[in-house]
Amino acid sequence: MGKWLCVVISTMVVMFSEKDACWIGHVSLHNFLFPENDDDSEDIHKRRLQKSRSEEDGRKLIDEVILHDKTDNCKQKPSQPLLLAVVLLTLICISYSLTYHHHRYNYISHAVSNFTLGIEIRWNSGGGTDQRYVSHLEINWDEISSVLEKLSGENHGIGFLNFNETEISDWKKHIKPINENRIVNFHLDPVDRSVTWDSLYPEWIDEEQGEEVPSCPNLPKIDVPRKRIDLIVVKLPCVHKGNCSRDVGRLHLQVAAAGLAASSPVKHLLFVTDFFPIPNLFPCKELVVRQGHAWLYEPNLKILREKIQLPVGSCELALPFKPRDGNYIGNVRREAYVTILHSAHVYVCGAIAAAQSIRMSGSTRDLVILVDETISHYHRSGLELAGWKIRTIQRIRNPKAEKNAYNEWNYSKFRLWQLTDYEKIIFIDADLLILRNIDFLFGMPEISATGNNGTLFNSGVMVIEPSNCTFKLLMDHINEITSYNGGDQGYLNEIFTWWHRIPKTLNFLKNFWIGDDEETKEKKTRLFGADPPELYVLHYLGLKPWLCFRDYDCNWNSDIFREFASDVAHERWWKVHDAMPIQLHQFCFLESKQKAQLEWDRREAQKAGFQDGHWKVKVQDPRLKKCIDNLCSWKSMLKHWGEANWTDDGSFNPTPPVVRLKIDR
């Protein structure tokens, strides 16, 4: 082919004008010797560039001859030397063409014989399959067949996501025959490699958009097929064995599948995975059947459409920074505020004040409190009078906690998911105040919460969708998954890694970080006391207001708690306390031991010479004169403070009778 092409070009050179012939002869020879547009242009061209120095020198020499011929020999009239040159060029062209094609044939044969190796190399070098999406799980076809029996009798169009051609071929062999026209192998571009879990769930974003507008990284989507698809089959990777719920590729596949299912629409999704799918994107109540590594879901497409409209991570707010109060209607009878008390009655006063603050915000939703057997009938009576509906639970022990440790029973919070007579609940810790109505949060999905440290959410305020199967999920992994902080918050963050950021004003922490400058501290102080309130929820960290004298925040007197000290926030809590029916004040009285502790801390602050001078304040708290135990002479305790303390004996704290007074609200 090259030989005849050279002859044709040589003939064309003779036929054209001498000027044109010079140009064509130059271009033709150059392209034959160094072709730039071959079918294998890139790879072959790179190999050509790596030839020996003698070949490069030869190319330079030929270029110089052509250039000289073009500039010096292109006359206006034909000449015999030109024709001789054309003949010589033709002979050279034929000779090179034969040599080149022999070389090219050997190269292509070698490339074909090593095709599989070439693909593997490109994969390993990152040029092909993205390893974040590769699942090494061996498919159990018996499990798949068993699951699909639930769909018997239906003629399905099937879409495969993250399946290779071999797996699709095996599907055809092991599963009932499928019409080829009903199969779609979806293509999904991988997310950019710069996208990490930390970029999807940053510790902080500029919620007020003071300097920038927060935005989430883009996750490619799947084009909606023209064919009807009834079943999407997705194979999920697990890059980080043990807990792969923070794998970016795994998240991307599930979000993409959800978007496709909601848009098509699709009846069922089948996940092939050795670790449960995102539990609040594909809730277990929508799980039709599970068999080993095969999970078949029938999603509620209306709810799924709403969920995929949310930001893909906490990189953006799922709610505006200033939500609109009062626009939410919802289902009053199926929504409730819930808190929990277990193992101690010290938070009873806090729970009563929290109930008071909810009613002061204008909410009429149910108030439900979970308590265990350690909460006395006396304290339960106070909670009921405050408006809480009592639910008695059995505590759940944290298997990784030490005996009698602070976190031994904090997995009792999982009982929240058993409140299935409610569709949505807003869980609140008992040490916070609701300053503005937050009923609109009932319109948010599980889990909606404020950010904490790292990629995690703060469980002090969160939206939950009760479900017995979710409770079972939490219990099933209780021995496997380790909480980062040993508590329920850490465990829940391992289960619900796909969560939705709400503004920090909905769970504003009462503290001053070490890095806070004076401007930030002043802003926080202003927010603590703003009237009308700007914050929705104020969360009291450190020593609690009801465990301090009401005269000032006792966090000032302890070196390790000073970052939580704020007299403005402290005063705000006591205003809510004073608004409570007077019969409930007794549940906030101080035990003698606590009075002694407060005095001890005051003296230590005096010794340390804390410059804020709160230790100088003369305490006027009327609770000093109220004694609720048999150790009313609390000052005498200070003589033995720090010794093996006999005041820990429960007999010194007799339980008062149940309060049965009815309170008009």
Problem set entry | Which of Ser448, Ile438, Ile375, positive extreme of dipole for region 334-652 (C-beta unit charges) | Ile375
Seminar exercise, completed: At R0 = 51 Å the Cβ-Cβ FRET efficiency linking His136 and Gln611, nearest 0.05, sits at 0.25
Seminar exercise, completed: For region 131-308, the dipole about the Cα centre with charges only on Cβ (Lys and Arg +1, Asp and Glu -1), to the nearest 20 debye, works out at 860 debye
For this session: Would you be so kind as to identify which of Ile232, Pro214, Ser194 lies farthest towards the positive end of the dipole of region 131-308, taking Lys and Arg as +1 and Asp and Glu as -1 on Cβ and the Cα centre as origin?
Result: Ile232
Exercise. Once both labels are modelled 7 Å past Cα along the beta-carbon direction, what's the Ser636-Ser145 spacing in nm?
Worked result: 8.3 nm
Exercise. How do the peptides 272-282, 526-536, 244-254 rank, highest first, by the average count of neighbouring beta carbon atoms within 10 Å per residue?
Worked result: 244-254, 272-282, 526-536
Seminar exercise, completed: Residue separation between Ala344 and Ser215 times 0.36 nm, minus their alpha-carbon distance, gives in nm 42.1 nm
For this session: Quick one: what are the phi-derived ³J(HN,Hα) couplings along region 612-619, Karplus 6.51/-1.76/1.60 with θ = phi - 60°, whole Hz, x for glycine and proline?
Result: 5, x, 5, 5, 7, 5, 7, 6
Exercise. Separation between the Thr129 and Arg395 pseudo-spin-labels, each 7 Å from Cα along Cα→Cβ, expressed in nm?
Worked result: 5.1 nm
Exercise. Using 1/(1 + (r/R0)^6) with R0 = 25 angstrom and r between the beta carbons of Arg359 and Arg324, what's the FRET efficiency to the nearest 0.05?
Worked result: 0.70
Exercise. So for Asp230, Asp517, fewest C-beta neighbours within 10 Å to most, what's the order?
Worked result: Asp517, Asp230
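Which value, in debye to the nearest 20, describes the size of the charge dipole of region 587-628 about its Cα centre when Lys and Arg Cβ atoms bear +1, Asp and Glu Cβ atoms bear -1, and nothing else is charged? Intermediate values should be presented prior to the final figure.
Numbers: 10 positive and 6 negative charges, 41 e Å.
That gives a dipole near 200 debye.
So for each of 302-315, 352-365 I average, over its residues, the number of other beta carbons within 10 Å; can you give me the resulting order with the highest mean first?
352-365, 302-315
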Seminar exercise, completed: When Thr482, Thr497, Thr129 are arranged by how many other beta-carbons sit within 10 Å of their Cβ, fewest first, they go Thr482, Thr129, Thr497
Problem set entry | In sequence order, calculated HN-Hα J values of region 206-216 (Karplus, 6.51, -1.76, 1.60; Hz; x Gly/Pro) | 7, 4, 7, 6, x, 10, 7, 9, x, 8, 8
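Which ordering of Leu148, Leu547 is given by a fewest-first count of other beta-carbon atoms within 10 Å?
Arranged by neighbour count, lowest to highest, Leu148, Leu547 become Leu547, Leu148.
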Exercise. Which ³J(HN,Hα) values, rounded to whole Hz and listed in residue order, are derived for region 199-205 from phi using the Karplus coefficients 6.51, -1.76 and 1.60 in 6.51 cos²θ - 1.76 cosθ + 1.60 with θ = phi - 60°, glycine and proline given as x?
Worked result: 6, 7, 10, x, 5, 9, 9
Problem set entry | Placed amide H near Gly460: partners under 5 Å, 5+ positions off or other chain | none
Exercise. Arranged from highest to lowest average of other beta-carbon atoms within 10 Å per residue, in what order do the peptides 256-268, 210-222 appear?
Worked result: 256-268, 210-222
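Coordinate-derived values only; no laboratory data. Everything quoted here is computed from the prediction, not taken from an experiment. Heads up, the Cβs are rebuilt from the backbone with ideal geometry, glycines too, and the neighbour counts pull from every protein chain shown.
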